[in-house]
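Before any comments, here is the structure.
The values are calculated or read from the model by the stated rules, or taken from the named source; none is laboratory data. Predicted, not measured: the structure shown is a model, and the values here were computed from it. Here Cβ is always computed from backbone atoms with ideal geometry, including for glycine, and neighbour counts include all displayed protein chains. With ligands, DNA and RNA removed, areas are computed over all heavy atoms of the protein, side chains included. Shrake-Rupley method; radii C 1.70, N 1.55, O 1.52, S 1.80 Å.
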Amino acid sequence: MSSKMTSFFQTPSLVYGSAIALRVILLFYGAWQDAHSAVKYTDIDYLVFTDAARYVSQGVSPYARDTYRYTPLLAWLLLPTTWSGPSFLFAFGKALFALSDVLAGWLIARSLVSAYGMDAPRALKYASVWLLNPMVANISTRGSSEGLLGVLVIALLWAVLRRRVILAGIILGISVHFKIYPFIYGVSIIWWLDREHDGSSTKTTPKPTTSTILSFITPPRIILTLTSLTTFLLLNLLMYSLYDTPFLQHTYLHHLTRIDHRHNFSPYSTLLYLSAAGEVQGNFESLAFIPQLLLSVIVIPLILAKKSLPGAMLAQTFAFVTFNKVCTSQYFLWYLIFLPFYLPTSSMRRNPRFGGIVAALWVVGQALWLQQGYNLEFLGLSSFVPGLFLASIGFFAVNVWILGVIVEDVSSS
Amino acid sequence: MKTRITYLQPRSSPFSAEQAILEKEALRIRELEAAKEVRVTVGGDETGDELVRDVLNSAREIHIRWANAGAGTGLKVDPFGSRVSAGLHVGYTPRDGLEGSEEKGEGICRLLRQLFDKIIQCENYTESFTSQSSTYQFYTALPEHTLNEYITNICRGDGPCATAGWDRADSIDLDYDVVSGTLIVSGYWSQPDNADGWTEEIRAPSNNRDRVEVGLLGTEKAVEAEEIKMGGLLGVVGVDEALKPTLFSFPSRHHVLPPQATFSVSFPQPTGMHPTMTISLSPAALEYPAAPEDTTCALHAYLTLPSYIFGDKYQLSTTDPLFLDSHHLVALRAVSGATDLEAPDWFVSHWGSNWLLELATPTDLPEEWNVTVPLHLRYLRPSETGYRTAGVPWPVVFWACTAEGGTKMGVNPFDRIHLGWDGLFGPRTMFYQVNPDGATARRVEDLDVPVLHLDKDGIFHSKAVELGTVAAIILGLLWVLWKLGVVARSGSPRPTKEKKSQ
């Protein structure tokens, strides 16, 4: 690394300044493109959020907006976008999401220093994988709420690593209320939170006399479980009391009963189309949660959590997304946020050529799929079978292979 | 039963007395160049079998409009200028108190299947129809109808009603309302069925309860802009001894624009999953209509979209001038029906959706002016070719002129309402119809929708896709489990080893 690069990472204000500048530039660019072109920079989802916020400001349910499938918290957070005043208020949500990105990056750097004993410049260098990632900045400034989830997940990890169990429980409860999938982290955190990790004991070996089950039930584990469940339940009760069944339907039940199967990266996509149209007898897709949850909720936490909590969370998320029935590119952000914790000890960094191959395969896997998707969406070619089918299975194979590499790397970290 | 037959001669075509000879028992028409309307009015008890009577009894109003998709037909002429998109449109208002009663809900669908086509996909009005205030609406593309049988049946015999040639009509209307208790069946033929003109014998009714009125009319220039002036001959067959000359004028809701005011519809290729409807307007169509001075006019398009194609109401209701200008749109004025953005077609129970768009007009007239409407396709069922055809009827394009005060439209003997789009405007609005371009054979655009290709005999048949997916998932799962297993077995002694080395 050149000395210039080293000095860059030695000055936190430069790194955070660049991260903020990148986002500010994109926000202004987005506003300019929106004002001058019929093709908008702003994501459609952002219009859904802000429409929902407008309904809330009028005293109506946010679910009055079709396809609003989020917690009312999000619409409430974006209430400033509905205030009358200067037009930049409309970008309030985007700024909030972008700020969440930067905050998440800051927490990543802090955690790398405090929990991994990394020196600050090195921590900043790895945090920059997130902070200065143009894809991350782009997604947030277009108005996708994934950045908000990113900061919640990293705050959760940070709180756990700092042994702030109550705070961690509250954040976990909020995260699950926000987007369901972070419940998988609950398992690995509870498993990780043994006497060695919970800060209650400096002893490295548990007393052999206590029964395993009893020794598993420790105060921090109980506290984490109770605070997260309480937070989750209280939030849901509050939202249910305010918005009734539409809240349950759109935030949670929709994901169980969804009938839209627009092509996506998931290997199940083609099968779901066939089965929705009644063309297959089997009912395999209804069992899809088994491999997904077996990996991300049971086996990965049990085997990896105690070796490296962030590593296990990365592997869990990767498995959850890879084996999910629906998979779009914004789901990739869910695991990208853990890269700064994984890369320092990964075989991909030790062997940059190998790392390059992994990255290339991941990109090529997506590109092949996108090519087929383009043929379908814009050229009107029937590319479902074999094109999209093979491309999604191919991308799945690449992801499964990468997951194997991650598992090996995390266990040897 | 009352039958009213109106021949409408263009101003240019000649007329001589031998072309319409009224005798005691019949009126003989010979080689008459004209458009024709036949309107049959029957009482509620003459409307046919039990099913029809039951459905009519459960309704407050039923308005059925069918229009031919073929463009081989001629122009619409005043006062018959109004149009609907090609296909079958149904407006249904259930009687108070009967709303939601399940059995009656299915009745209207059974009636449609009996009258028009057995394969019409319609369950009941609550699920298959869309609602616009208290009225339920239904549409299906129906290139050909089987109404002949029903109409001949209610005509009881071989009078002018039965021999009118309903299967060749450009459009047919059926109207029933509980107040009048009558069913009105009207047909419109823009051109004679023979190159030499209409040659037919209109016979007097065989009983004195029935009545057959005939008019041979032409339009003349009216004094007031909102009026249509008609002159010609009128007579009641079997009653009158001679045709009587007449001249009358009335304010008309619908007016036609000159023949050169046309529009055509196309979808630029490739249409993909997000086709763009392009409405091309001729310069004459963009000229402000000759409406009364106290009115304000705006150009509109009314789209009838079957469920497999839809607009994004959030995208189209935007007020963003950049988006609207780039499509030459002013605003989305009304939308009703199935606007779900995600569901595949076979999960949508409603027939589809209607869209009223106000169109932009240029300040100076260009050669051609294109209005574009971005639309989206739903997933359709898999097929063995990998494609399915989705027909999209041409919209109705018209200028709507609203008057501040103005005349009521009550006294027009040829008035036509309940067209789906007219009800979206105030009662005093006047409409100037832009003519669909006659050069195109059909007023329906067929889109090729890519669907999942059922490779029945090939490698990628459904079973193979199913097994392939299952195999990929299981292999993937086993691979990751194996890696985890290796880690777990070699992993347990490792921490102690590492600790020793630290």
Check your understanding: So which residues in the range B:342-366 are under 27 Å from residue A:275 (Cα atoms), in contact (Cβ under 8 Å) with a residue 24 or more places away in the chain and open to solvent by 40 Å² or more (accessible area, probe 1.4 Å)?
Key -> B:346, B:349, B:350
Practice item. Looking only at the range B:336-356, count how many residues are within 12 Å of another protein chain (Cβ to nearest Cβ) and of a type in the set (Phe, Trp, Tyr). Key: 2
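Here is a yes/no grid of residues against (1) open to solvent by 40 Å² or more (accessible area, probe 1.4 Å); (2) without any contact (Cβ under 8 Å) to a residue 24 or more places away in the chain:
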{"residue": "A:48", "(1), (2)": "no, yes"}
{"residue": "A:67", "(1), (2)": "no, yes"}
{"residue": "A:78", "(1), (2)": "no, no"}
{"residue": "A:95", "(1), (2)": "yes, no"}
{"residue": "A:101", "(1), (2)": "no, no"}
{"residue": "A:110", "(1), (2)": "yes, no"}
{"residue": "A:114", "(1), (2)": "yes, no"}
{"residue": "A:128", "(1), (2)": "no, no"}
{"residue": "A:141", "(1), (2)": "no, no"}
Exercise for review: Select from the range B:409-446 the residues that are in contact with an Asp or Glu (Cβ under 8 Å, 6 or more places away or on another chain) and open to solvent by less than 70 Å² (accessible area, probe 1.4 Å) and write down the one among them that is modelled with the highest pLDDT.
Suggested key: B:431
Review point. Across the range A:36-73, which residue is farthest from residue A:143 (Cα to Cα) among those that are outside any helix (DSSP H, G or I) and among the acidic types (Asp, Glu)?
Key: A:66
Practice item. Sort out for me the strands (runs of 3 or more DSSP E) sitting completely within the range B:1-98 that have 1 or more residues that are closer than 27 Å to residue B:182 by Cβ, among the polar types (S, T, N, Q) and in contact (Cβ under 8 Å) with a residue 60 or more places away in the chain. Key: B:2-8, B:35-43
Review point. In the range B:299-325, which residue that is in contact (Cβ under 8 Å) with a residue 40 or more places away in the chain and out of contact with any Leu (no Cβ under 8 Å at 6 or more places or on another chain) is nearest to the other protein chains (Cβ to nearest Cβ)?
Key: B:315
Check your understanding: In the range B:23-82, what residues are more than 30 Å from residue B:110 (Cβ to Cβ), under 21 Å from the mean Cα position of the chain (by Cα) and of a type outside the set (Gly, Ala, Ser)?
Key -> B:36, B:73, B:75, B:76, B:77, B:78, B:79, B:80
Point to revise | Selection from the range A:366-383 of residues that are open to solvent by less than 10 Å² (accessible area, probe 1.4 Å) and either at pLDDT 95 or above or hydrophobic (A, V, I, L, M, F, W, C) (or both) | key: A:376
**Study point:** Hits in the range B:464-493 (condition: more than 7 Å from every other protein chain (Cβ to nearest Cβ) and open to solvent by 40 Å² or more (accessible area, probe 1.4 Å))
**Key:** B:467, B:471, B:474, B:475, B:478, B:482, B:486, B:489, B:490, B:492, B:493
Review point. Within the range B:234-242, is even one residue more than 25 Å from the chain's Cα centre (by Cα), in contact (Cβ under 8 Å) with a residue 40 or more places away in the chain, buried (at least 21 other Cβ atoms within 10 Å of the Cβ) and part of a loop (DSSP other than H, G, I, E, B)?
Key: yes
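Can you name the residue in the range B:136-158 that is among the charged types (D, E, K, R) and in contact with an Asp or Glu (Cβ under 9 Å, 6 or more places away or on another chain) and is also surrounded by the fewest Cβ atoms within 10 Å (Cβ to Cβ) among such residues?
Checked the range B:136-158; the qualifying residue surrounded by the fewest Cβ atoms within 10 Å (Cβ to Cβ) is B:144.
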**Study point:** Failed criterion for residue A:391 (all others in (1) touching a residue at least 40 places away in the same chain (Cβ under 8 Å); (2) surrounded by 23 or more Cβ atoms within 10 Å (Cβ to Cβ); (3) more than 22 Å from residue A:133 (Cα to Cα) hold)
**Key:** (1)
Check your understanding: Given the conditions (1) touching a residue at least 24 places away in the same chain (Cβ under 8 Å); (2) assigned to a helix (DSSP H, G or I); (3) open to solvent by 30 Å² or more (accessible area, probe 1.4 Å), and given that residue A:167 satisfies all but one, which numbered condition is not satisfied?
Key -> (1)
Exercise for review: Mind counting the residues in the range B:273-283 that are surrounded by fewer than 23 Cβ atoms within 10 Å (Cβ to Cβ) and in contact with a Pro (Cβ under 8 Å, 6 or more places away or on another chain)?
Suggested key: 5
Point to revise | the range A:394-413, subset modelled with pLDDT of 90 or more, under 22 Å from residue B:490 (Cβ atoms) and not hydrophobic (A, V, I, L, M, F, W, C), residue most open to solvent (accessible area, probe 1.4 Å) | key: A:408
Review point. Going through the range A:153-178 one residue at a time, which ones are among the basic types (Lys, Arg) and at pLDDT 90 or above?
Key: A:164
Exercise for review: Would you list the helices (runs of 4 or more DSSP H) that sit entirely within the range A:234-353 and hold 3 or more residues that are crowded, with 24+ Cβ neighbours inside 10 Å and more than 10 Å from every other protein chain (Cβ to nearest Cβ)?
Suggested key: A:309-322, A:339-342
Practice item. Among the residues of the range B:447-458, count how many are modelled with pLDDT of 90 or more and open to solvent by 60 Å² or more (accessible area, probe 1.4 Å). Key: 1
Exercise for review: Considering only the range A:313-344, state which residues are β-branched (Val, Ile, Thr) and either out of contact with any Leu (no Cβ under 8 Å at 6 or more places or on another chain) or over 19 Å from residue A:410 (Cα atoms) (or both).
Suggested key: A:317, A:321, A:326, A:328, A:337
Check your understanding: (1) more than 8 Å from chain B (Cβ to nearest Cβ); (2) under 23 Å from the mean Cα position of the chain (by Cα): which one isn't true of residue A:391, the others all being true?
Key -> (2)
Check your understanding: open to solvent by 10 Å² or more (accessible area, probe 1.4 Å), charged (D, E, K, R) and within 17 Å of residue B:328 (Cα to Cα): does that describe residue B:287?
Key -> yes
Review point. Within the range A:283-296, can you find the residues that are farther than 17 Å from residue B:479 by Cα and either touching a residue at least 40 places away in the same chain (Cβ under 8 Å) or touching a helix residue (DSSP H, G or I) at 6+ places or on another chain (Cβ under 6 Å) (or both)?
Key: A:284, A:285
Review point. Can you find a residue in the range B:385-403 that is assigned to a loop (DSSP other than H, G, I, E, B) and away from chain A (no Cβ under 14 Å)?
Key: yes
Point to revise | Residue list for the range B:219-245, filter: more than 13 Å from residue B:27 (Cα to Cα), among the small types (Gly, Ala, Ser) and at pLDDT below 90 | key: B:222, B:225
